[in-house]
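Here the structure comes first, spelled out in structure tokens, and everything after it is commentary.
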Amino acid sequence: MPTTLDACWGLTIWGGFLVGFGAYLAGGCTSGHGICCIGRMSAHSIIATVVFTLVAAIVVFVSRHIVGE
């Protein structure tokens, strides 16, 4: 079954840019910090994973309850 994209391409590209920029700022992606580095008890990775999760929750809240998408 093919996947369909309901968002415009500009919004999709902008979202990809923001994800890449966030991974650059955090020094890695969610999987790298959450799976590999938390097991090593890296304080930087624990903080990065908490920030990733909080920002994701805020984005979902804003998009569902404030913007109404």
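Please treat every number below as a calculation from the coordinates, not as lab data. None of the values given here were measured: they were computed from a predicted structure. A quick note on method: Cβ atoms are made from the backbone with ideal geometry, for glycine too, and the neighbour counts reach across all protein chains shown.
Things worth noting here:
- Panel order for 14, 9, by other beta carbons found within 10 Å of each beta carbon, from fewest to most: 9, 14.
- Computing FRET efficiency as 1/(1 + (r/R0)^6) for residue 21 and residue 1, where r is the C-beta to C-beta distance and R0 is 35 Å, gives about 0.65.
- Protection proxy ranking for 54-62, 21-29, using the average of other Cβ atoms within 10 Å per residue and placing the highest first: 21-29, 54-62.
- A value for P(r) over Cα pairs in 10 Å bins from 0, in percent was derived from the coordinates, and within the list (i) 15, 29, 29, 26, 1; (ii) 19, 55, 16, 7, 3; (iii) 18, 38, 31, 12, 0 it appears as (iii).
- Simple label model, 7 Å out from Cα along Cβ direction - residue 59 to residue 42, nm: 2.1 nm
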